[in-house]
Every structure is written in C-alpha cells, then in structure tokens.
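Here's the structure, in structure tokens; my notes come after.
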Amino acid sequence: MTTATKPQQATRRLTYVQAMNEVLAQEMERDPTVIVMGEDVAGGAGRKQFDEAWGGPFKLTQGLYKKFGPERVRDTPIAEAGFIGAGVGAAATGLRPVVDLMFVGFIGVCADQIFNNAAKMHYMFGGKVKLPLTIFTATGAGVGSAAQHSETLYALFAHIPGLKCVAPSNPYNAKGLMAAAIRDDDPVIVFNHKLLMGGVGGGQHVPKEPYTIPIGKANVAREGTDVTLVGISYTTYNCLQAADELARQGYSAEVIDLLSVSPMDDEAILNSVRKTKKIVIVDEDYPRCSVASDISALVAEEAFDVLDAPPKRLMAPHASVPYSPVLEDLFIPSKEKIVEAALGVLQ
Amino acid sequence: MATTTVRGTIAKQKLIWMYETMVLIRRFEEQARREQDSGRLRGTHSAIGQEAVPVGICAHLRDDDFVLGNHRSHHHCIAKGVDVNEMMAELLGKVTGTNRGKGGTMHIADMNKGMLGANGVVGSNIPVATGVGLSARVRKTDQVSVVFFGDGAAQQGSLHESLNLAAIWKLPVLFVCENNRYAESTPFEYSVAGGSVANRAAGYGIPGVTVDGQSVLDMYEVGGEAVRRARAGEGPTLIEAQTYRYFGHYGADNPLGYRTKEEQEFYMAKDCIARMRKHLVENKFATEAELSGIDKKCTDAIVAATKFGVDSPFPKLDELTTDVYIKYP
Ligand SMILES: Cc1ncc(C[n+]2csc(CCOP(=O)(O)OP(=O)(O)O)c2C)c(N)n1
Ligand SMILES: [Mg+2]
C-alpha cells in the first residue's frame, strides 16, 4: 500500500453536488426515458449564448442540458403544481421524470399533485399504473433563509402511503440513493440537505461506475456498543462528530444512518438497540408526529424489554425556523446537544 | 402614456416625496449589499433599479391600506413607510427589527404601516392580498390591497385563481407585476406564453395595463386610476410594470451569466431616479442643490439605520419558541 511504485488507490474525491451531478448524467445516459425538469435546471432558457447559465440552483444539474439537450432537460416557469403534476402524467405514460422542487417548503404549492396523484394512483388503480417519478428537494436550516426555506418536512411525506423518501448523508450514498430513486417504479422523494450540498462533511471517494443503494435500508455508519445514535441526512454528520467526542469520554456510540425515511429499516434500528440498549434519535424535523417519534414508538413497542433508558428524541423545537443567526443556531440539533443527550441516557 | 395634464397636477410635495423615497430605497439597498459583502448579512434580493414601481403606487396609499410583497421586497416596505432603522435591524437579525429578528429579509412586515409582509414563496401572497381586499369589502371600508409580484410569479396558478376571484367579487385589489425580465436566470420571453402578463386581464374582464416601471410618474398615473377604481368599488386592476433589476437575483449571483452588458446598459440608462431628478430640475420643482440635500439626508438616514441595527442586541434565546401561538394572558 505504501510503496511508491504502486499506483495510488483510485480515489475519486467528489463533493455531494458532484456525486449527484454524476449520477444524474449516468442515469440519463443509461435510460433515454429519464428527463429532468425544474426551475433553472439549465438556466438562461432559450438564449443560445447563455445555455446552461445556472445548472440548477445548487448546481446538481450542471452539464445535463449541454449533454442531453432541451428535449430532455427542461427549464420550467415557476409553476410547481403545473410541472410536478406534469411529471406525474409523464411518469404514468412511459417517462422516468426527475423533477426539482427547489426547496421542500414549496410542497405547499404542489401538494395535491404529490399526495393525491403521485402517491395514490398505483393503489387506486388496483396496481395498474407505475409512477417512476423522482422529486429531489433541498432541505434544512443553517444558512439564514428563515421559516419558508429551511424546513426538512420528512414526516409530512413519510406519512403518505405510496411515497418513498430517501435522505442521503454524504456524497457516496447520495449517488447510490439517487440512482435507486430514479430506477424505482414508485414515486421517490430525495431530500438533499443544504449544508451537505454546501460542502459540510467534505469530499469523499465515490466510485465512477454506477451503483445503487437499496431504498428501505439503513446503514451502520459507525459500530459501537454503549448507545445507538440515529441520524437522518445532515444529523448523521453531527452524530458521527458526537460519537468521536463520546469516544474521547470513554463511550462507544453506534451511529445508524437512516438513509430511507420511508420505507424505514426497522430491523437495523432494533438490532442496534438490542445491542446497545439505549437510543438517541436525532432529527432536524419538527417534533410532533415526526420520524423520530415513529422510531421511538417502534423501539418502545418492539424492544422495551431490552432498554436501559427510555428512547430519547433530539429534535428541532415545535417552532418555525427563525432568521436571526443566534436563534437559528439553536434550531438544528448540534453535536454538543447530541453528546449531552447521549450522556443523559448513558448515565 | 402618462398625460401632462395629470402630471401637471401632482403636488410638489408629492413629487419630492417620490424622489426622496426612491433615493432612500437605493441607499438602503446599497448598504444591504455592503452588509452582505462584509458577511454580517447572509444575502438579499436587491431591488435596485425597481424603486419607481412601489413608490408610484404607494404615493396613493394611506397607512391603513395594505401592501403585500414577495422575496424582493425592501422597496415595497420603504415605499409603504416602514422604518429603515427597524428594517436594517431585521436584516441583521436583531430584536429591534420589524419582526424581532425572526423573519429577516424575505419576511419584513409592519401592521402599523399596512405592510402585511414580504413572502419567500413565489406567488404565495397573491391570494392573501385578494383576501385583504375581500376583508375591506365585507367590512365596508374603502381600504385598498396591493400585491407586488414578479414576472416569474405570474406563471403560478395562484395569480390566475386570484384574478378570477377578485374579478367576480369586484375586490379592491391592485395586482402589480414587476416585470424585471427575469426569474432567477430564466428570461421572461421563455416562460411567459403570449408575451404579456397584462394581457391576461382580458380573460377575466378587468383592466390590464402595461406601464414603464422605470418612470415613477407613469407608475403614479396608472396607480392613481387603479386605486381610484378600487376605492370606488369598481374592482381589481392588473398592472404590468416593465422594470429591471440592476444586480443579480440573490446574493452574489452574477447576472452577466444570463444577460448581456448591452441589455443592462439599455435599462440602466433609463434609471428611475436619474429621470425623476431631471424632471424635477427641468420643471423647476427643485434645484440640483436641493436634490443633493435630499440625497445627503437619505445617506445619513441609512448610516443611522446601520448604526442602529449594528448596535442593537440579538433576540434572547428563549424567543426561539415564542410567537408560535398567540399568548393569552
Ligand atoms: C414557489 C417557489 N418556487 C420557487 C422559488 C425560488 N425562487 C425564488 S425567487 C425566484 C424567481 C422569482 O422571479 P420573479 O417572480 O420574476 O421575481 P424577481 O426575482 O425577478 O423579483 C424563484 C424561482 C420560490 N421562492 N418559491
Ligand atoms: Mg422577475
């Protein structure tokens, strides 16, 4: 490994955005029915000299327009009900649309299409239609965007039968989950946390070859024996940081990276809790009727007998996301708060 | 478009107010950009270039009339009389801000001044404004509701539903589209079928007016008629103000990535403040020296507002969970 003659281990350090961008191009290459739509996914629409002026608000779709052209990569007017609904119709009739809902809070504009059509058509029609629709959307607080642009809203989507929901936590699983989402014949929502897209956590080795990560499976991001920390998307990053700190204090924390919010990997969570006997669930979403509450109930119902402490949920408060940086900093469950919560169940 | 007869009757005081308010907006926005560059502020949607649109309309409004804005709304707020000290404090996340630091640049609101809020969701405030008009009508007041939104927002279903509602109920609402030619990087001519927002009024049987939004006098004239109609119970008006944003969409966005320098120069040459200044001097409403005095006053006001904002305290941490619901004694 260390000899100078040996070619360096092929490390392709990609950022979260680069990994997403790569998988979009690969899936479009692989399957001509994949199309991409959204506001400014190319940018500068209709002006030759400014082709692809933006490449998406977070640059996830950069390069797609030049590679695949205007038929398959479409800038849309600001009309979420219209173009997400169009994604539903296109998915029902032979395309595999990948649609950008720029920020998850904009669900308010297009909820009818997602909740009443995309989620229900397969069931209502007795299984006779497939809806291979992927919706990707930016989530999370931390950049001063205030109440309407900073939510995660996992629970809102996970609540609806028929929708699958995935929340990547790093460049590697972002690529694999996005590929799985696009290839899945059910509608899948992909939550991309703004801080991860902004580079928190840094780059990471991402294989060039296409791969998928199965929807519905969690990942043991770090093994441990004393306490289970469950993270979702960005909170997984904070859980890993907290696990380092706990290790310094002599505790071994296991970190479960949920990855799929719906369907959820109940077994992975229960297996971990049966080993550690303690659990802290870290979720940036609002606390009422949340994914964390769901996990807490699961553990209480299925593993009550092994628990050494009540399941602990560490969440955002039951309040909208504030603008002021001093308040916003308190909104997201931080590493420090995770350590404190873990010590609480450990002692 | 505007006739000299109407222009000739505008009181000097009103003309000066319009000039001063546009300058105040520009100074505020320039300072917001500086705060953004220095990192004290994490980004705003600059209204520089679009000052005349709300100023010409708000010149007809009273404190008890309502204005609703969008994500790019500092100019709407200032034109409606919101205090620049409190606005700057809000941008800096301070407890002395219009929203106690909880809303920030995209959500400035001041009920005492009839500013029912900027709004970060594109198209979202248009139905709300319609409801404000409904309220005025049912309560039998002669209040008027004005909503400002962009050319991009005009493609949302919310506008079409609201135009129809306001038309069938003859509500006192002004739907004011600030057509600055872009929604983020997407040009108007790509995303707007039919090439006009104002033309859509015809489908709802209400007046639709296209106006030079870089001329505050034209805005004043069109706004005057629309406000008169609304107060008289004659129903809504759709106004498409042709304007231009001089800077990028948000924060450090560079607009030369999607538009030409020539185009920018074309619109900037028609700057609303420069034209008004010329009008005032040529028609002897004010001397250059008087106008420079006003400019200085505005600069000083923004310096003071910045000091006020910077010196103000942040909210107490327990404010994170206050205001979720109304507090009963
Ligand atoms: C429902 C919704 N979709 C998308 C966005 C993201 N977004 C913010 S501003 C903007 C462009 C708005 O364009 P326009 O209405 O013309 O206003 P302008 O920015 O030009 O003032 C977009 C797409 C949003 N905030 N809300
Ligand atoms: Mg616009």
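A compact table of results
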quantity: Spatial separation of Cα centroids for the range B:203-245 and the range A:127-174, in angstrom; calculated: 40
quantity: Proximal charge balance of A:ALA42 [Cβ under 9 Å; K/R count +1, D/E count -1]; calculated: -2
quantity: Chain B shape via C-alpha gyration tensor axes, a/c threshold 1.5; calculated: rounded
quantity: Test item: B:100-109 mean partner chain Cβ contacts at 10 Å; calculated: 5
quantity: Listed pairs A:LYS66/A:LYS175; A:LYS278/B:LYS316; A:LYS175/B:LYS261; B:LYS297/B:LYS327 exceeding 32 Å between Cα atoms; calculated: A:LYS278/B:LYS316; A:LYS175/B:LYS261; B:LYS297/B:LYS327
quantity: Whole-number Å³ per residue for the convex hull built on Cα positions in the range B:186-239; calculated: 79
quantity: Amide hydrogen neighbours beyond the local backbone of A:SER262, cut-off 5 Å, H modeled; calculated: A:CYS165
quantity: Reach of A:LYS67 by Cα under 17 Å, taken over aspartates and glutamates that are not fewer than 8 positions away in the same chain; calculated: A:GLU22, A:GLU27, A:GLU29, A:ASP31, A:ASP40, A:ASP51, A:GLU52, A:ASP75
quantity: Spherically averaged projected area in nm², based on the convex hull that wraps the Cα atoms of the range A:7-205; calculated: 12.0
quantity: Burial order of peptide ranges B:64-74, A:282-292 (average beta-carbon count within 10 Å, highest first); calculated: B:64-74, A:282-292
quantity: Shielding by other protein chains, B:178-190, mean Cβ within 10 Å; calculated: 5
quantity: From phi via Karplus (6.51, -1.76, 1.60), per-residue ³J(HN,Hα) for the range B:140-152 in Hz, x at Gly/Pro; calculated: 6, 9, 9, 5, 10, 10, 10, 10, 9, 8, x, 5, x
quantity: Above-threshold pairs, the threshold being 22 Å between Cα atoms, out of B:LYS94/B:LYS307; A:LYS164/A:LYS335; A:LYS59/A:LYS337; calculated: A:LYS164/A:LYS335; A:LYS59/A:LYS337
quantity: Equivalent ellipsoid dimensions for the protein assembly as shown as semi-axes, Å, which come from the Cα gyration tensor, largest first; calculated: 47, 28, 24
quantity: Alpha-carbon centroid distance for the pair the range B:262-314 / the range A:51-77, whole angstrom; calculated: 39
quantity: Selected from A:ILE84, A:ILE213, A:ILE189 as most flexible by GNM, with chain A as the system and alpha-carbon contacts under 10 Å; calculated: A:ILE213
quantity: Net charge of neighbours whose Cβ lies under 13 Å from the Cβ of A:ALA155, counting Lys and Arg as +1 and Asp and Glu as -1; calculated: -3
quantity: Test item: A:146-152 mean partner chain Cβ contacts at 10 Å; calculated: 4
quantity: Cross-link reach list, aspartates and glutamates versus A:LYS312, counting only Cα pairs under 13 Å and skipping chain neighbours closer than eight places; calculated: A:ASP283, A:ASP294, A:GLU340
quantity: Ordering of A:162-175, A:122-135 by packing [mean C-beta count within 10 Å, highest first]; calculated: A:162-175, A:122-135
quantity: Using θ = phi - 60° and Karplus 6.51 cos²θ - 1.76 cosθ + 1.60, couplings along the range A:209-223 (whole Hz; Gly, Pro as x); calculated: 4, x, 8, 10, 10, x, 6, x, 10, 8, 10, 7, 6, 7, 8
quantity: Reachable lysines from B:LYS170, criterion Cα separation under 16 angstrom, eight or more residues apart if same chain; calculated: B:LYS140
quantity: Between the range A:272-310 and the range A:201-234, the Cα center-to-center distance that results, in Å; calculated: 19
quantity: Net charge, A:PRO322 excluded, C-beta distance under 15 Å - Lys, Arg +1, Asp, Glu -1; calculated: -3
quantity: For chain A, alpha-carbon Rg relative to the globular expectation (2.2 N^0.38 Å, N residues); calculated: 1.00
quantity: Largest-first ordering by accessible area, 1.4 Å probe, given options B:LEU61, A:LEU64; calculated: B:LEU61, A:LEU64
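The values are calculated or read from the model by the stated rules, or taken from the named source; none is laboratory data. These numbers come from a predicted model, not from an experiment. When we count neighbours, we look across all protein chains shown, and the Cβ atoms used for this are built from the backbone with ideal geometry, even at glycine. Each accessible area value is taken on the protein alone, full model and side chains, heavy atoms only, with ligands, DNA and RNA left out. Shrake-Rupley method; radii C 1.70, N 1.55, O 1.52, S 1.80 Å.
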